[in-house]
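*Asks:* After the structure tokens below, expect a handful of questions from me.
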Amino acid sequence: MTEETLTITSFADLSLAPEITRVIDEIGYETPSPIQARSIPPLLEGRDLLGQAQTGTGKTAAFALPLLSRLDLASRYPQVLVLTPTRELALQVAEAVQTYARHLKGFHVLPVYGGQNMGQQLRQLQRGVHVVVGTPGRIQDHLRRGTLKLDRLSCVVVDEADEMLKMGFIDDVEQILQHTPQERQTALFSATMPNEVLKIARRHLREPVEVRIKSKTSTVATISQRYWQVKGLGKLDALTRILEAEEIDAMIVFVRTKIATVELAEKLEARGFSSSALNGDMTQALREKAVERLKSGSLDIVVATDVAARGLDVQRISHVVNYDIPYDTESYIHRIGRTGRAGREGSAILFVAPRERRMLAAIEHATRQKIAPMKLPTRQDITERRVGLFKEQILSAMQGEDLAFFEELVDRCQQEYEVEPRRIAAAMAYLLQQDRPLLPEEETFAEVAPPSGPRFSGAGRGSGDEGLRRYRVEVGKVHGVVPGHIVGAIANEANISNRDIGQIKIFHDFTLVDLPENMPPAMFRHLQQVWVCGQRLQLCLDTGGDSSPHQGKPPKRRPAGKPGGGYKGKAAKKHPAAAKRASKKAHQP
Ligand code: AMP
């Protein structure tokens, strides 16, 4: 491990504007990621920066937080320009900026990219914006037309410079830089540093601070590593299947935020798995208690942030799940080191979203190991496992319990109803498994369909178009939303191509948007959770009225947790109510 990544500062130590620190707290970021810890101080001082970092390292916040902290909100001219190679990235960055700036009064950010309505961009520019995020081509258009003035810029960020180079935008970038004030601050980020990128850096950056998150190679021998490419099915459903189908003693699940630790632990609990959050907001005593319970087996799953899990040494941990991908290879190595303790075998699973494939490659490089893709357990796998566990329970009851009373009961049934014992046993088994059926619900398994069936990718535009349906999302004009935010969020989060997003009508506090009608349920559920302009989308089918925004949700899975199925962890065998009571306490931050 490099020395830099060991130094953990807290956001409170970083001298960010109070409005920004407040958002960080609300979002639940626990500590700055390595790139943030090292980029924020120099950027706050106004220095130039050359950062080697890829998506997933937290680089957006690394530049957005300090630059937003230094804005002059009274001025209505663009002060910060972020150049991105693609419009998806422009939208994503604009949305992140909007979130981080949500307590800055009167703040405006404008995503600017080709294919978007020019008139609307112009109106927004005239109204005044503080941050412009755009692709080089469209920014050039505005410069040529004189509709965008960059003479009062204080800072330019070039994001993914190597991608700009690949896509042939690098000359545009240079030309745009020439339209900006000499004394501006410049930050350039790139996942790799080819010569051409370094040349640009040399020409346009002044004594830049260089930040590179080095990764030392290490080997992790006793741990089997797999990854699942997030696709079609939400991560929660994927995790549930893994919990159901694998031989698990105890598991640690890593997420990025404190809030996510609590939310995910609660969701797992609702699905019948005894789990607790482990995060830096919990008191030392509560954290220790959770760890003790994990050791003793009264708890099987902890959902933790990197910091909270530091130094955790529990031999029972058989599985580490990287629910959210780590920021860097070192934290990956730390995370998976929580399993395979004391010479035991451990299993590490990594969830990789399409945008995060680069991080996967970096991890493989750093660990000098290929990580094998995994297939999620199928309905049949889960049935087999549930049946196997059920049979084990029957066997152990036959061997270890006094069953005389029950044998008599069976005799009585047999005589009174004149049926074979087989039929009676079957009825009893049926009754026992009702709360958690041995045959899992079909519905949960219907959703693995890839998100791009023929209708899905070929749908036309407009509400009347075949294949589209009108949906409602709970973000509107009052929240400052523009169509780009919604397109961006949906395109990125649900992997729906821009072409498949139809008409968007923005109302006072909600928006109607036409989307493919055959959206898989998992994607639908995911889109309910996505945030835009500080609001949860809470996607639902539009029913015409605006008083019942939640119609159209697919039915909730019934909470499980009764005997008859589930996984092998000790706590699962406890009475569910008792397990629940105990772990509820540990959730409290
Ligand atoms: P980026 O590398 O900018 O694409 O960011 C990747 C993801 O990390 C985004 O979803 C951010 O919300 C999240 N993120 C960024 N910084 C932090 C942090 N300090 N703690 C937790 N999550 C973060």
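The values are calculated or read from the model by the stated rules, or taken from the named source; none is laboratory data. Keep in mind the model is a prediction, meaning the values are calculated, not measured. Note that each Cβ is placed from the backbone with ideal geometry, even for glycine, and that neighbours are counted across all protein chains shown. For the accessible areas, the whole protein counts, side chains as well, though only heavy atoms, and no ligand, DNA or RNA atoms are used. Shrake-Rupley method; radii C 1.70, N 1.55, O 1.52, S 1.80 Å.
*Asks:* Which numbered condition trips up MET428, out of (1) open to solvent by 70 Å² or more (accessible area, probe 1.4 Å); (2) closer than 30 Å to LEU233 by Cβ?
*Replies:* It is condition (2) that MET428 fails.
*Asks:* Going by the conditions given, is LEU73 open to solvent by 50 Å² or more (accessible area, probe 1.4 Å) and either more than 14 Å from the ligand (Cβ to nearest atom) or at positive phi (or both)?
*Replies:* Yes, satisfied.
*Asks:* Exactly one condition in (1) among the aromatic types (Phe, Trp, Tyr); (2) within 13 Å of the ligand (Cβ to nearest atom); (3) not in a helix (DSSP H, G or I) is false for PHE63; which is it?
*Replies:* (3)
*Asks:* Condition first: touching a Leu at 6+ places or on another chain (Cβ under 8 Å) and hydroxyl-bearing (Ser, Thr, Tyr). Now tell me which residues in segment 277-332 satisfy that.
*Replies:* Matches in segment 277-332: THR305, TYR323, TYR332.
Every residue, every condition in (1) open to solvent by 30 Å² or more (accessible area, probe 1.4 Å); (2) within 26 Å of ASN495 (Cα to Cα), yes or no:
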{"position": "GLN92", "(1), (2)": "yes, yes"}
{"position": "GLN121", "(1), (2)": "no, yes"}
{"position": "SER154", "(1), (2)": "yes, no"}
{"position": "LYS166", "(1), (2)": "yes, yes"}
{"position": "ASP172", "(1), (2)": "yes, no"}
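*Asks:* Next question, about the same structure. Select the helices (runs of 4 or more DSSP H) contained entirely in segment 184-271, then report the ones holding at least 1 residues which are at pLDDT below 95 and within 16 Å of the ligand (Cβ to nearest atom).
*Replies:* Fully inside segment 184-271 and qualifying: 235-245, 258-270.
*Asks:* When you look at ARG123, is it touching a residue at least 24 places away in the same chain (Cβ under 8 Å) and out of contact with any strand residue (DSSP E or B) (no Cβ under 9 Å at 6 or more places or on another chain), yes or no?
*Replies:* No: the conditions fail for ARG123.
*Asks:* State which residue is surrounded by the fewest Cβ atoms within 10 Å (Cβ to Cβ) when the search covers only segment 311-331 and only residues that are away from the ligand (no atom under 15 Å from the Cβ) and among the small types (Gly, Ala, Ser).
*Replies:* Restricting to residues being away from the ligand (no atom under 15 Å from the Cβ) and among the small types (Gly, Ala, Ser), the top hit is GLY311.
*Asks:* Can you pull out the residues in segment 44-60 that are in contact (Cβ under 8 Å) with a residue 24 or more places away in the chain, open to solvent by 20 Å² or more (accessible area, probe 1.4 Å) and more than 7 Å from the ligand (Cβ to nearest atom)?
*Replies:* If the condition is that a residue be in contact (Cβ under 8 Å) with a residue 24 or more places away in the chain, open to solvent by 20 Å² or more (accessible area, probe 1.4 Å) and more than 7 Å from the ligand (Cβ to nearest atom), then LEU44, GLY46, ARG47, GLN52, GLN54 are the ones that fit.
*Asks:* If you don't mind, another one. Pull up segment 19-43, narrow it to residues that are of a type in the set (Asp, Glu) and in a helix (DSSP H, G or I), then point me to the one that is farthest from the ligand (Cβ to nearest atom).
*Replies:* GLU19
*Asks:* For ALA12, only one of the following conditions fails: (1) more than 16 Å from the ligand (Cβ to nearest atom); (2) of a type in the set (A, V, I, L, M); (3) modelled with pLDDT of 90 or more; (4) more than 30 Å from GLY137 (Cβ to Cβ). What is its number?
*Replies:* Condition (1) is where ALA12 drops out.
*Asks:* Run down GLY56, GLY106 and say which single residue is touching a Leu at 6+ places or on another chain (Cβ under 8 Å) and either modelled with pLDDT of 95 or more or within 27 Å of ASP25 (Cβ to Cβ) (or both).
*Replies:* One residue alone meets the criteria, GLY106.
*Asks:* Considering only residues of segment 291-308 that are within 16 Å of the ligand (Cβ to nearest atom) and not in a loop (DSSP other than H, G, I, E, B), which is farthest from GLY280 (Cα to Cα)?
*Replies:* VAL303
*Asks:* Continuing with the same structure: Since ALA366 meets every condition but one in (1) more than 16 Å from the ligand (Cβ to nearest atom); (2) at pLDDT 90 or above, which condition does it not meet?
*Replies:* The single condition ALA366 does not satisfy is (2).
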